[in-house]
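Working notes, beginning with the structure itself.
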Amino acid sequence: MSAQGTPETAGRTAGVSGNSAKPTPKGAWTVTFLLFLFMVVNFADKIVVGLAGVPIMTDLKLSPEQFGLLGSSFFFLFSIAAIVVGFVVNKVPTRWVLLVLAVIWALAQFPMVGTVSFTTLLICRIVLGAGEGPAFSVAAHAIYKWFPDEKRTLPTAILSQGSAFGVILAVPALNWVIVNHSWHYAFGALGVVGLIWVCAWLALGKEGPLEDTQVLAASEQKIPYLQLLTSRTFIGCVAATFGAYWALSLGLTWFTPFIVKGLGFSQSQAGFISILPWVFGATTVILTGWISQVMMARGYNTRVARGVLGSVPLVIGGLILATMPHVQGAGLQIALLVIGSGLCGAIYVVCPPMLGEFTPTSQRGAILAIYGALYTLAGIIAPAVMGAMIQRAGSTIDGYMTGFTINAVIMVGSGLLGLLLLWPNTEKARLTRGAAAQSAELKGAVTLT
């Protein structure tokens with residue numbers, strides 16, 4: 001029987017890298033916690049426009065399509081910046097890159113403290129998006145320098161939870177500022193919090209000791225980027241996470257306006273309701289990270305413990321969301337929206353470790369960044385599509401329901417693509433063989449000449 005003939009050996013050969021004997025270095029969890037806070041600030045910055053959506057639309061006299069454009073503008077440079085910075089972190093320590101990103105976030109908030117025009121707000125959101133585009137991929141790359149492959153799923157889950165806790169912690173505080181003072185001061189508060197994180201990172205942030213990217217770049221076998229980017233697992237990760245991010249970007253931009261204008265709740269009530277999808281999503285992500293590592297410890301290969309585990313919740317979530325226009329009652333509609341969109345979180349936990357399985361370490365920063373740049377294109381499209389649906393519908397609620405139905409279809413489709421394409425346990429061997437064959441052909445050609 002071959003080495004892959006039993007679940008135990010299959011897990012060792014297909015799901016675990018050569019780093020399996022390495023212990024977790026001292027300080028790994030401190031850096032993980034700091035990067036968790038990094039993502040908390042990141043998502044607090046993202047949610048503020050959606051949370052203050054109704055006051056902003058009222059003060060600046062914006063139409064739904066204009067507000068949709070404002071939501072999309074955050075992602076105009078998001079993908080480009082993610083790709084550029086992804087190649088930078090192949091050579092520059094992540095400690096300094098993360099510091100620069102956080103400074104950009106903080107400084108982009110302060111212009112909104114005073115009286116601003118729609119154009120100023122739009123420009124500041126574009127700049128903020130450029131600074132936040134590389135955030136998750138750079139943070140994941142930084143964490144993977146502290147943990148061997150078989151221990152990466154849980155830290156990735158914790159990092160991902162920065163998004164949920166960023167919303168859970170920020171929404172009540174920011175909503176209180178918006179209700180009792182002004183939406184302008186909510187932006188200013190986020191700028192101050194960003195600068196506090198910068199100081200903490202300067203004092204405690206370190207580069208991981210398990211990997212020296214520059215040394216590995218000179219010694220490890222490279223795989224052509226074209227092969228990495230056209231591998232079925234990379235394509236599957238992009239497709240699956242695109243559907244999840246469509247739901248997330250709608251939640252960031254349109255969830256609170258839907259609660260206020262679509263269902264008739266007050267701004268104060270909407271602030272608390274807006275937390276619910278993130279609480280449920282946080283639970284989903286933590287459970288996914290824990291279950292994935294338990295499955296791998298019990299011998300399941302990463303096709304099952306990562307690929308299937310991340311894709312199935314997308315399909316189920318999309319089917320749940322599809323029922324939303326066909327039920328009555330605000331409470332039930334909110335419950336379906338919370339559960340349906342919250343299940344998407346599973347895919348964020350499993351895709352970065354899957355890509356890390358077969359990508360050479362010296363190329364991983366770029367691959368994670370390109371992955372992030374591609375799936376976050378949903379952030380440009382989704383808010384604008386929802387704005388157009390609301391603008392053109394016979395009633396506001398009909399427009400929202402059409403937008404959520406489109407979201408459901410995309411989630412189901414992306415989840416099915418994930419199930420079809422995510423095979424990380426066999427990807428590395430296939431890509432390595434392909435790179436070796438290509439190298440041999442080149443050597444042969446040189447010898448003949």
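The values are calculated or read from the model by the stated rules, or taken from the named source; none is laboratory data. Small disclaimer: the values here were computed from a predicted structure and weren't measured. Positions of Cβ are backbone-derived with ideal geometry, glycine not excepted, and every protein chain shown enters the neighbour counts. Ligands, DNA and RNA are excluded from the accessible area calculation, which covers all protein heavy atoms including side chains. Shrake-Rupley method; radii C 1.70, N 1.55, O 1.52, S 1.80 Å.
A simple spin-label model places the labels of L210 and R95 1.8 nm from each other, with each point 7 Å out along Cα-to-Cβ. Computed 3J(HN,Hα) for region 77-94, one whole-Hz value per residue from the Karplus formula 6.51 cos²θ - 1.76 cosθ + 1.60 where θ = phi - 60°, is 9, 4, 6, 4, 4, 4, 5, 4, 5, x, 6, 4, 6, 5, 10, 9, x, 5, glycine and proline marked x. Across the chain, the relative contact order, built from alpha-carbon pairs under 8 Å that are at least six residues apart, equals 28 percent. Across region 303-310, computed HN-Hα scalar couplings (Karplus, 6.51 cos²θ - 1.76 cosθ + 1.60, θ = phi - 60°) run 4, 7, 6, 10, x, 5, 4, x Hz from first to last residue, x flagging Gly and Pro. Of the peptides 334-343, 58-67, the ranking by mean beta-carbon count within 10 Å, highest at the top, reads 334-343, 58-67. With the convex hull of its Cα atoms as the shape, region 194-339 has an orientation-averaged projected area of 13.6 nm². For K61, a cut-off of 22 angstrom between C-alpha atoms picks up these lysines, skipping any fewer than 8 places away in its own chain: K46, K261. Within the accessible surface of the chain, defined with a 1.4 Å probe on protein heavy atoms only, the carbon and sulfur portion equals 70 percent. Label-to-label distance for A297 and L332 is 4.2 nm, based on points extended 7 Å past Cα in the beta-carbon direction. Looking at the chain, the accessible area is 38 square angstrom per residue; that uses a 1.4 Å probe and ignores ligands, DNA and RNA. Cα convex hull, the chain: 142 Å³ per residue, rounded to a whole number.
Candidate cross-link partners of K91 among the lysines, defined by an alpha-carbon separation under 18 Å and a same-chain spacing of 8 or more, comprise K145, K206, K222. Using C-alpha pairs below 8 Å separated by at least 6 residues, the relative contact order for region 22-132 is 36 percent.
Across region 143-253, Cα pairs under 8 Å and at least six residues apart give a relative contact order of 33 percent. Taking the centroid of alpha carbons for each part, region 162-212 and region 269-313 are 24 Å apart. Backbone geometry of region 387-392 corresponds, through the Karplus equation with coefficients 6.51, -1.76 and 1.60 at θ = phi - 60°, to 3J(HN,Hα) couplings of x, 5, 4, 5, 4, 9 Hz, x marking Gly and Pro. A simple spin-label model places pseudo-atoms 7 Å from Cα toward Cβ; at R392 and T30 they are separated by 5.5 nm.
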